[in-house]
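K.L.:
Following this message is one structure expressed as structure tokens.
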Amino acid sequence: MSIVVSALKEEQPHEKRVAIDPDVTKRLIKAGMKVLIEKGAGIASYYNDDSYQKAGAEVVDRQTALSQANVVAVINLPSDETLNALKPGQVLLGLLSSLIKPEKMQQLADKKVSALSFELLPRTISRAQTMDVLSSQSSVAGYKAALVASDAYSKYFPMMITAAGTVKPAKVLVLGTGVAGLQAIGTAKRLGAIISGYDVRPASKGEVESLGATFLTSSVSNGAGSGGYARALTPEETAAQQKELAGFIADNDVIITTAQVPGHKPPLMVTQESVDNAKPGTVFVDLAASELGGNVAGSKPDETVTTDNQVMIIGGNNLASELSNSASQLYAKNVQSVINAMVDKDGNLAIDPKDDVFSGLTATTNGEIINARLREALKLDPLPTDEPVKDEKTDQSAESKGAE
Ligand code: NAD
């Protein structure tokens, strides 16, 4: 019996992406799987139901996509109603906000649903790079951030020399120069702006400079943490950083912020005072805007705020979704990569919690919380490292029975 993979229509009002596109549909079918797509799931990404049918998928209602699949692929953590409809043995794969909402992962563990959460992927393992949704989506978001900023800005990005006079180029500052920040720098550079970049990871200096931007060295001594990420700064370091950034912010026209620290709320880099002191017409695009706060004081997720001093703060948390077609195309490839890695030599679906990629990516399988960071967040004892957890493989026939 072949493995059944489904993609659901996303429930969040601002979400335009879909977890599987027609190209990956074809690839999964070629690999012997069956693909179910919830009716209308790809519409906001410009993949209509016909394109999925042509690729070999069955377009079905939500209930069928949920009940008949071995693997349910999503972009975001689904609603409680959807989570409750999942059955033991099914695999849920997506950006499940597992570290922000660990209790939902426990809920899935209690139901013996396996949850694979892209935020937990150990990204530095080379085998995991094709599964790296954070990189693929950050890259899209960084590109879009530069375009959104240039659109909102009331002047040219490039220098313009015309018969009617010369217009100076825009000065763009990118705070946080990881995957999204570097893409924002590259895009703003192509639009002709003068760019500077700032990060607490010294390793990013060379990357920023290779794109033709100036690197602003931080006073924070080595802010690099593990896995290529930044570490959380101390309150003293944060205060020093906010102070050193204040002058740079006042001197720039557009500020794109992308700073994240895994498992922590985004660092506040632009204080209220810096917003108040920004020039009229300054545009902030905060990719880290969230319900917990963002990098810019006063930023709101999915909203644009214009302040009394005529400064625009764009909550850019969902910008990958604004490039829905390309973002979905890349996301679907990441999904396919995970599914391929889950198929064992007998063609069955299997999650090996001892595998170095799946021990990270898997929030829960066989009723157990697997990921060490998540166990810590849920105040569970660490799993013994030398003993296998209950059952090393998810038996696909058991899943199929459970899923029916
Ligand atoms: P991220 O989204 O967690 O953070 C974005 C950027 O914000 C990072 O560059 C981080 O250093 C920076 N930042 C965080 N707090 C900050 C602060 N207080 N002040 C200034 N900057 C701050 O990270 P990301 O972009 O997903 O990845 C960061 C880096 O990790 C990448 O540039 C890369 O070097 C590495 N990485 C490696 C792999 C791999 O080996 N395959 C995969 C993904 C990422």
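The values are calculated or read from the model by the stated rules, or taken from the named source; none is laboratory data. Quick caveat, the model's predicted, so the values are computed rather than measured. Here the Cβ positions follow ideal geometry from the backbone for every residue, glycine too, while neighbour counts run over all protein chains shown. These accessible areas exclude ligands, DNA and RNA; they are computed on the full protein's heavy atoms, side chains included. Shrake-Rupley method; radii C 1.70, N 1.55, O 1.52, S 1.80 Å.
K.L.:
Of the peptides 294-302, 79-87, how do they stack up when ordered by the mean number of other Cβ atoms within 10 Å, highest first?
P.N.:
Working: 294-302: 22.4, 79-87: 14.1.
Packing order, densest peptide first, comes out as 294-302, 79-87.
K.L.:
Working with all protein chains in place, sort TYR331, TYR46 by solvent-accessible area computed with a 1.4 Å probe, largest first. Present the calculation step by step, with values, prior to reporting the outcome.
P.N.:
On the way: TYR331 0, TYR46 185 Å².
My answer, sorted largest first, is TYR46, TYR331.
K.L.:
Shifting gears a bit: In straight Cα distance, which aspartates and glutamates are under 18 Å from LYS112, not counting same-chain residues fewer than 8 positions off?
P.N.:
The reachable aspartates and glutamates, counting only those whose Cα sits under 18 Å from LYS112, are ASP80, GLU81, GLU103, ASP352, GLU368, ASP391, GLU392, ASP395, GLU399, GLU404.
K.L.:
Still on this model: At 1.4 Å probe size, with no ligands or nucleic acids counted, give the accessible surface of LEU92 in Å², nearest ten.
P.N.:
Result for LEU92: roughly 0 Å² accessible.
K.L.:
Under a point-charge model restricted to the Cβ atoms of Lys and Arg (+1) and Asp and Glu (-1), what is the dipole moment magnitude of the chain relative to its Cα centre, in debye to the nearest 20? Show your work: numbers first, answer last.
P.N.:
Numbers: 39 positive and 48 negative charges, 172 e Å.
So the dipole magnitude of the chain works out to roughly 820 debye.
K.L.:
Find which of SER210, SER138, SER97 sits farthest along the positive direction of the dipole of the chain, computed with +1 on the beta-carbon of Lys and Arg, -1 on that of Asp and Glu, about the Cα centre.
P.N.:
It is SER210, whose Cα lies furthest towards the positive end.
K.L.:
Please list, by residue number, every one of the chymotrypsin sites (Phe, Trp or Tyr not before Pro) in region 122-210 that is coil in DSSP and has at most 16 other beta-carbon atoms within 10 Å.
P.N.:
Working: sites: TYR143, TYR153, TYR156, TYR198; in loops: TYR153, TYR156.
For chymotrypsin sites (Phe, Trp or Tyr not before Pro) across region 122-210 that sit outside H, G, I, E and B with at most 16 neighbouring Cβ atoms in 10 Å, the list reads TYR156.
K.L.:
Report Rg(Cα)/(2.2 N^0.38 Å) for region 134-322, keeping two decimals. Present the calculation step by step, with values, prior to reporting the outcome.
P.N.:
Details: Rg = 15.3 Å, N = 189, 2.2 N^0.38 = 16.1 Å.
Relative to the rule-of-thumb radius for its length, region 134-322 sits at 0.95.
K.L.:
Shifting gears a bit: By DSSP, what percent of the beta bridges with both residues in the chain are antiparallel, rounded to the nearest 5? Provide the component values of the computation, followed by the final result.
P.N.:
Details: 12 of 52 bridges.
Of the beta bridges lying entirely in the chain, close to 25 percent run antiparallel.
K.L.:
A follow-up question, please. Remind me, relative contact order of region 97-155 in percent, using alpha carbon pairs under 8 angstrom and six or more residues apart?
P.N.:
Details: 22 pairs, mean separation 12.2, N = 59.
Answer for region 97-155 is 21 percent.
K.L.:
Membrane-span-like helices in the chain: DSSP H runs reaching 24 Å or more (Cα, own axis), mean Kyte hydropathy at least 0.0? Each step should come with its number before you reach the end.
P.N.:
Working: long enough: 133-152 (28 Å, 0.63); 235-251 (25 Å, -0.55); 324-342 (26 Å, -0.10).
Qualifying helices, which must be both long enough and hydrophobic enough, are 133-152.
K.L.:
Looking at the square roots a ≥ b ≥ c of the eigenvalues of the Cα gyration tensor of region 242-318, which shape do they give, rounded for a/c under 1.5, prolate if a/b is larger than b/c, or oblate? It would help to have the intermediate numbers written out before the result.
P.N.:
On the way: a/c = 2.02, a/b = 1.33, b/c = 1.52.
The shape class here is oblate.
K.L.:
Over the Cα atoms of the chain, what radius of gyration and what Dmax do you get, in Å?
P.N.:
Looking at the chain, its Cα Rg and Dmax stand at 22.4, 76 Å.
K.L.:
What residue among LEU175, PRO301, ALA246 has its Cα farthest toward the positive end of the dipole of region 134-322, where the charges are +1 on Lys, Arg and -1 on Asp, Glu, each on the Cβ?
P.N.:
LEU175
K.L.:
Where in the chain lies the longest segment free of trypsin sites (Lys or Arg not before Pro) that are both loop residues by DSSP (not H, G, I, E, B) and have at most 10 other Cβ atoms within 10 Å?
P.N.:
It runs 1-344.
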